[in-house]
Amino acid sequence: MPNAAPIAVFAFNRPDLLARTLTALAANELAAASTLTIFCDGPRHEKDEVGTRAVRALSRSVTGFARLEVVERPHNMGCAASIIDGLTEMFRRHERLVVIEDDIVTSPHTLRFLNEGLARYADNENIFNISAWTPPNIARKLPSGYPYDVYAIPRFNCWGWASWNDRFLDIDWDVKDYETFKASPQRRKAFNAGGEDLSPMLDAQMEGKLDTWDIRADYARFTRKMLGINPVRSYTLNIGMGSGTHTTTPTTRWDSDISRAPAAPKFPDTVAVDQRIHKLYLMNYRTKRPLLLRIASKLKRCALRLLAVR
C-alpha cells in the first residue's frame, strides 16, 4: 500500500460531535501515518460563536497524526461552499484524499479500508470514489455466496469517503447543463439508477431549496458514467442525525454496528454492479407515489404480463 492519503475534516459549531469524530479517527491503524487538515467554518451569527470557538480550540489540540493543519475561516462560508473550497484546495495539493465530516465516527479499520480502495482502483476509470458507509440492509440481506466485502453502485455516498484529484478537480459545481437535464426524462431516470431521491435532490439544490455539495458531486459522477465503491458492512456511523444542516430529524434508520466491519476486506479486481445488491440498495431510496399512481402502475404491469402470456 502507498503512503497513507491525507485526511480532510470539515467542522462548524458542534464540538461535542467533533470530539467523538476525532477520537475515533485517531484510534485508526493508519492515523499516525496520516496528515490531518481540519477546516473550521466561521459563525453565522452571535449564537454560533461559542460553538465555533470551541471547535477551533479542540482542533488545535489534536494529537495522534503525522501532521496537523487547522484552517480557520474568517467568516461563515456555509456547509456547501466551505466543503467545495476545502476539497478544491486539498485536491490541488494531493493526488488522493480521505474526507470525514464532523459527525462521522469511524471504525479503527476505516483508514486502512479507504486507503486500500484508493490504491486498488486508482487506475480504474469506472470508479469515482470509495465510500466507508453503506445502508444496513445490504449486510442483512446479502445474496448467498457473494464473495466480496465491497460492491459497486451508481451513487456517491459521503459519510466518510476517499477519492482522487482527477475525479474532483474539474467538477462543474454550477451544473451548467442543468436545464437540459431537467427537461430530459431519460437522463433523470438514468440518474435515479442510484436512488429515486437523486433527481429531486438536484432539483432542490438548483432551485435554492438546498445548499449542499454532495448531490452535485454525485451528478458529476453520473455524467461520467462512473460508480462508487461501498462496503458490505459500514466502517462509519453518522452521529449527527437531527443536529446537522441537512439532517434535522433524529433517526437510527441508517445505523450499523461498525465493530463488525472487517479488518482485511476482500476487494474484487473486476468491478461491476451486482444486480441483486443493486435491487436491495434501491429499496432504501424509494419515494412514495400517490395511491392512484401506484394502482395505475400495478394495473399496467399486470396488463403487460397478460399480453406477454397471450
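The values are calculated or read from the model by the stated rules, or taken from the named source; none is laboratory data. Small disclaimer: the values here were computed from a predicted structure and weren't measured. No Cβ is skipped: glycine too gets one built from the backbone with ideal geometry, and neighbour counts run over all protein chains shown.
Quick one: which strands (runs of 3 or more DSSP E) lie wholly within the range 58-140 and hold at least 1 residues that are closer than 23 Å to A272 by Cα? Outline the logic, then answer.
Working: elements: 67-72, 96-101, 104-106, 127-131.
In the range 58-140, 96-101, 127-131 are the strands (runs of 3 or more DSSP E) which contain 1 or more residues that are closer than 23 Å to A272 by Cα.
Counting only residues that are over 16 Å from the mean Cα position of the chain (by Cα) and of a type in the set (D, E), which one in the range 94-116 is nearest to I258 (Cα to Cα)?
Here the residue is E116.
Report, by residue number, each residue of the range 14-44 that is of a type outside the set (K, R), assigned to a loop (DSSP other than H, G, I, E, B) and closer than 15 Å to P74 by Cβ. Break it down into steps so the answer makes sense when it comes.
Residues of the range 14-44 that are of a type outside the set (K, R), as a first pass: 15-19, 21-43.
From what is left, the residues that are assigned to a loop (DSSP other than H, G, I, E, B) are 27-30, 34, 41-43.
Those that are of a type outside the set (K, R), assigned to a loop (DSSP other than H, G, I, E, B) and closer than 15 Å to P74 by Cβ: D41, G42, P43.
Which of the following residues is within 20 Å of G160 (Cβ to Cβ), in contact with a Pro (Cβ under 6 Å, 6 or more places away or on another chain) and modelled with pLDDT of 95 or more: A27, A31, A19, A8?
Among A27, A31, A19, A8, only A27 is within 20 Å of G160 (Cβ to Cβ), in contact with a Pro (Cβ under 6 Å, 6 or more places away or on another chain) and modelled with pLDDT of 95 or more.
Results for (1) of a type in the set (D, E, K, R); (2) at pLDDT below 95; (3) surrounded by fewer than 16 Cβ atoms within 10 Å (Cβ to Cβ); (4) closer than 20 Å to P147 by Cα, shown as yes or no for each residue.
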{"position": "A264", "(1), (2), (3), (4)": "no, no, yes, yes"}
{"position": "D269", "(1), (2), (3), (4)": "yes, yes, yes, yes"}
{"position": "A272", "(1), (2), (3), (4)": "no, no, yes, yes"}
{"position": "K279", "(1), (2), (3), (4)": "yes, no, yes, yes"}
{"position": "Y285", "(1), (2), (3), (4)": "no, yes, yes, no"}
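Could you please find all residues in the range 133-158 being closer than 20 Å to A122 by Cα and among the hydrophobic types (A, V, I, L, M, F, W, C)?
W133, V150, A152, I153, F156, C158
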